[in-house]
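Asks: Take this structure, written in structure tokens, and hold onto it; I'll ask about it next.
The values are calculated or read from the model by the stated rules, or taken from the named source; none is laboratory data. Given the structure is predicted, the values throughout are model-derived calculations rather than measurements. Cβ atoms come from the backbone with ideal geometry, glycine included; neighbour counts cover every protein chain shown.
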Amino acid sequence: MKKMNRRNFIKGSLAGGIATAAAAGKAKKASAAGGDFGGYPDSMGVLVDLTKCVGCRTCEAACNKEQGLPEPDKPFDDLSVFDEHRHGGLPRRTTEKAYTVVNRYNVEGREHPLFRKFQCNHCNEPACLTSCFVNAYTKTPEGAVIYNPKVCVGCRTCMIACPFYVPAYSYSSAINPVVKKCIMCYDTRLKFGRPPACVESCPQGVMTFGKRKDLIALAHEKIGGNPGKYVEHLYGEREVGGTSWMYLSDVPFDKIGFDMHLGKEPIISYVKDFLAIVPMVLCIWPALFTGFHLLSTRKQANKEESPKA
Amino acid sequence: MKKLIAEGFQPIDTLIKPNTNNPWSWKDKLFLGLTPQEYMKQLFRNPFNWILAIIYAVGIPILVGRFIFGLGWATHSSYDYPWGLFLGWGLFVMVPLSASGFMMGTTVELFGRKDFKPIERLGLLNGLLGYFFAVVFLEVDLGQPWRLVYPMFVSLGPAAVLFLVAWHVATYLSVQIAELVPATSELMGWVKPKKFIKSIVLGLTIAGIILSTLHQGALGALFTYAPGKVHPLWFSAAFQWFHFFCSSIFGGLSMLIVVSTLSKWFLQWRCDANFSKNLDRITLGIAKGCSMALITYLVIKLVALAHDNEWGYLLTGWGQLYIFEMTACVILPLVLFTMAIRTNRAGLARFAAFIAVFGIALNRLNTVLITFNWQLYQEIPHWREFVIAITVYATYIVVYRAVLYRLPILYTWQGDSK
């Protein structure tokens with residue numbers, strides 16, 4: 001009996017069934033973690049102490065080499081890139097040729113400029129992953145958000161969804177354009193427990209690699225142990241559900257290009273309102289509109305039946 | 001065409017040649033009963049075809065170039081604005097304007113309003129072609145268009161909103177093709193397919209309502225992935241799907257009025273008395289539907305403002321754009337539709353429909369492109385993007401017109417196929 005019902009159900013609406021399953025799956029995930037996934041318990045992360053960075057761009061070079069990226073337009077020891085501005089007067093961003101960039105910020109009242117390294121933050125609940133309709137993204141238990149170029153259709157919804165504007169796209173390729181972004185050196189390093197290339201290459205020890213939960217404790221120790229040195233905020237601890245990369249700074253984060261309006265909710269929370277209505281529409285509409293049909297054609301049906309009575 | 005009709009020419013509307021027993025051949029049907037030479041002549045006489053020729057002369061090489069040199073050649077290759085005109089116009093504007101299919105199916109088949117029958121098929125066709133060309137636009141935009149079926153069969157990401165859009169648009173396209181089988185059957189002289197579709201039409205219609213509710217809404221819900229990027233006045237996590245769904249109702253209906261008006265102006269020869277005589281009455285009937293959808297939309301837009309407490313934004317520059325959109329594209333057509341209904345003026349309803357269609361386009365472009373990244377910078381799409389979008393849209397018009405010339409959409413088939 002059960003089997004029968006199920007078969008009929010699947011036969012009845014293939015698309016509908018899948019959409020329901022999707023919504024149900026989402027709901028299950030939400031309830032299992034009390035509405036918040038919160039990340040894998042032993043996920044790794046990187047703590048970036050921005051106050052230590054001197055803007056030498058060694059990490060950019062290391063990333064380029066490790067990921068086999070094309071040669072940059074300007075060599076990595078050319079510091080004039082800090083004066084470059086893209087559209088809208090914004091500083092450099094990640095591109096198909098660079099998974100990480102360092103930008104310089106001249107902050108009023110600070111003796112030296114502050115440098116900020118920028119790459120994928122590897123969210124606990126990545127917006128790119130949840131928006132992808134071919135499941136090209138995976139959040140690995142080690143903490144990396146990796147991408148499978150073999151299934152990517154190129155809709156670029158992940159680029160719309162990413163709150164940090166991280167994913168780039170190889171528009172230049174006509175045959176095989178794919179998303180280009182930092183994968184935390186998953187294939188070559190993280191998988192084997194080694195830190196990403198940029199972390200290891202840094203001569204200033206700006207970045208600390210470790211378990212995310214340990215890094216959070218370490219960061220709060222640093223903030224508490226050096227009163228007045230850091231602003232009392234660990235960027236990435238809670239932003240959009242928490243990220244594997246986290247930042248400490250001695251100037252307010254909004255002065256150095258960080259978005260302070262992202263909120264603590266992962267991006268998928270904003271989509272749940274819609275996902276919740278999907279099963280309702282699928283279940284209620286058929287009966288409701290058949291009912292409307294019966295109601296609105298009742299007069300005619302009565303007319304046809306009355307001679308019999 | 002006008003000239004030919006004046007000379008006594010009658011386009012095909014039967015299976016059998018008049019005054020004989022011979023059926024029309026497929027070639028006759030293709031050329032409307034004209035000889036190929038006569039057909040070519042009327043093609044060249046039509047000034048609109050010259051405009052199309054110019055569009056194609058410029059557009060086709062650039063469209064081909066997009067596939068040879070890649071998206072980087074045809075667009076700004078923006079990482080910040082990954083979606084440009086192809087999706088902004090081709091998907092997000094065309095899909096709501098194609099909601100007429102399920103609206104007319106619902107009106108005629110589900111609510112039994114047979115008085116709207118003369119325009120039902122135009123509504124269905126407008127839906128089918130709009131969706132089909134939205135998919136064409138999508139294919140132009142996708143990085144790897146040959147992987148279009150991946151979300152269906154190769155690698156499934158069922159929790160994503162776009163997954164729902166993909167499945168629903170694909171399913172709904174098949175529903176719409178099925179709904180237009182009767183018209184094709186008449187032209188081709190098939191009997192069984194028409195009968196079969198008739199027997200399942202209620203199921204198809206309800207499937208159409210479900211699929212349309214969800215994917216029209218889902219197009220809005222796609223932007224709930226970008227809460228910080230779309231301007232708050234155009235963003236509402238709770239109501240985004242309903243804004244898109246509700247506006248697609250008057251969008252689709254208004255587009256139907258626009259298309260029927262264009263048919264009345266430029267394809268008069270193909271409209272039969274059943275269509276032409278009923279059109280004013282039907283236009284006003286559709287206007288009633290539009291006005292109800294518009295007032296609902298207006299209210300829910302205001303509710304969204306109150307829900308997220310966004311009144312403060314109304315005083316900014318973006319607020320002026322928002323107020324313009326709401327006043328000129330929602331309240332104005334609402335008032336005009338209402339006046340048209342009260343004073344029984346179909347012409348006024350047509351004028352209102354043109355404004356409402358413009359309004360939908362403005363609203364979608366505002367959401368997708370203009371207010372998107374409002375905190376970063378504005379970007380005007382590459383000129384090649386405009387050319388390609390115009391070329392594809394011109395093809396949409398060409399196909400639309402070609403179908404209206406032939407299938408019994410604007411006229412009733414004078415045949416025995418039942």
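Asks: Do any helices (runs of 4 or more DSSP H) lying entirely in the stretch B:52-170 carry at least 1 residues that are aliphatic (A, V, I, L, M) and over 24 Å from the mean Cα position of the chain (by Cα), and which ones are they?
Replies: B:71-74
Asks: Among the residues of the stretch A:242-275, count how many are buried (at least 22 other Cβ atoms within 10 Å of the Cβ) and within 14 Å of chain B (Cβ to nearest Cβ).
Replies: 7
Asks: Shifting gears a bit: Answer yes if at least one residue in the stretch B:21-28 is closer than 29 Å to residue B:392 by Cα and surrounded by 13 or more Cβ atoms within 10 Å (Cβ to Cβ), and no otherwise.
Replies: Looking through the stretch B:21-28, at least one residue is closer than 29 Å to residue B:392 by Cα and surrounded by 13 or more Cβ atoms within 10 Å (Cβ to Cβ).
Asks: Looking at the stretch B:365-393, which of its residues are in contact with a Gly (Cβ under 7 Å, 6 or more places away or on another chain) and of a type outside the set (A, V, I, L, M, F, W, C)?
Replies: Of everything in the stretch B:365-393, those that are in contact with a Gly (Cβ under 7 Å, 6 or more places away or on another chain) and of a type outside the set (A, V, I, L, M, F, W, C) turn out to be B:377, B:381, B:385, B:391.
Asks: Does residue B:67 satisfy the criteria of being in contact with a helix residue (DSSP H, G or I) (Cβ under 6 Å, 6 or more places away or on another chain) and either at positive phi or surrounded by 11 or more Cβ atoms within 10 Å (Cβ to Cβ) (or both)?
Replies: no
Asks: If you take the residues in the stretch B:37-62 that are in contact with a Lys or Arg (Cβ under 9 Å, 6 or more places away or on another chain) and surrounded by 17 or more Cβ atoms within 10 Å (Cβ to Cβ), which one is modelled with the highest pLDDT?
Replies: Among them, the one singled out is B:62.
Condition check ((1) farther than 30 Å from residue A:167 by Cα; (2) within 10 Å of chain A (Cβ to nearest Cβ)) across all residues:
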site	(1), (2)
B:29	yes, no
B:44	yes, no
B:61	yes, no
B:69	no, yes
B:76	no, yes
B:102	yes, no
B:105	yes, no
B:121	yes, no
B:131	no, no
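Asks: How many residues are closer than 30 Å to residue B:196 by Cβ, among the aromatic types (Phe, Trp, Tyr) and more than 7 Å from chain A (Cβ to nearest Cβ) when one looks only at the stretch B:139-175?
Replies: 2
Asks: Taking only the stretch B:361-396 into account, find how many residues are hydrophobic (A, V, I, L, M, F, W, C) and free of Cβ contacts under 8 Å to residues at least 12 places away in the same chain.
Replies: 2
Asks: Among the residues of the stretch B:362-379, is any outside any loop (DSSP other than H, G, I, E, B), of a type in the set (Asp, Glu) and within 14 Å of chain A (Cβ to nearest Cβ)?
Replies: no
Asks: A further question on this structure: Across the stretch A:130-144, what is the number of residues that are under 11 Å from the mean Cα position of the chain (by Cα), more than 26 Å from residue A:192 (Cβ to Cβ) and in a loop (DSSP other than H, G, I, E, B)?
Replies: 1
Asks: Residues that are closer than 24 Å to residue B:263 by Cα, in contact with a strand residue (DSSP E or B) (Cβ under 8 Å, 6 or more places away or on another chain) and either in a loop (DSSP other than H, G, I, E, B) or among the charged types (D, E, K, R) (or both): does the stretch B:1-21 have at least one?
Replies: yes
Asks: Check the stretch A:74-81 and report whether any residue there is within 19 Å of residue A:165 (Cβ to Cβ) and either surrounded by 12 or more Cβ atoms within 10 Å (Cβ to Cβ) or of a type in the set (Phe, Trp, Tyr) (or both).
Replies: Checking the stretch A:74-81: at least one residue is within 19 Å of residue A:165 (Cβ to Cβ) and either surrounded by 12 or more Cβ atoms within 10 Å (Cβ to Cβ) or of a type in the set (Phe, Trp, Tyr) (or both).
Asks: Return the pairs, sorted by first residue and then second, in which the second residue is at pLDDT below 90, the first residue lies in the stretch A:70-92 and is within 14 Å of chain B (Cβ to nearest Cβ), the beta carbons are less than 6 Å apart, and the residues are 6+ apart or on different chains.
Replies: A:87/B:377; A:88/B:376; A:88/B:377; A:92/A:84
Asks: Something else now. Determine, yes or no, whether residue A:170 is in contact (Cβ under 8 Å) with a residue 40 or more places away in the chain, of a type in the set (S, T, N, Q) and in contact with a Cys (Cβ under 9 Å, 6 or more places away or on another chain).
Replies: no
Asks: If you go through the stretch B:207-233 one residue at a time, how many are more than 22 Å from the chain's Cα centre (by Cα), more than 10 Å from chain A (Cβ to nearest Cβ) and crowded, with 24+ Cβ neighbours inside 10 Å?
Replies: Adding up the residues that qualify gives 1.
Conditions tested, residue by residue: (1) without any contact (Cβ under 8 Å) to a residue 60 or more places away in the chain; (2) closer than 16 Å to residue B:234 by Cα.
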| residue | (1), (2) |
| --- | --- |
| B:303 | no, yes |
| B:310 | no, yes |
| B:314 | no, yes |
| B:318 | no, yes |
| B:322 | no, yes |
| B:326 | yes, yes |
| B:330 | yes, yes |
| B:339 | yes, no |
| B:347 | yes, no |
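Asks: Further question on the same structure: Go through (1) crowded, with 23+ Cβ neighbours inside 10 Å; (2) in a loop (DSSP other than H, G, I, E, B) and name the single condition residue A:188 misses.
Replies: Only one criterion in (1) crowded, with 23+ Cβ neighbours inside 10 Å; (2) in a loop (DSSP other than H, G, I, E, B) is unmet by residue A:188, namely (1).
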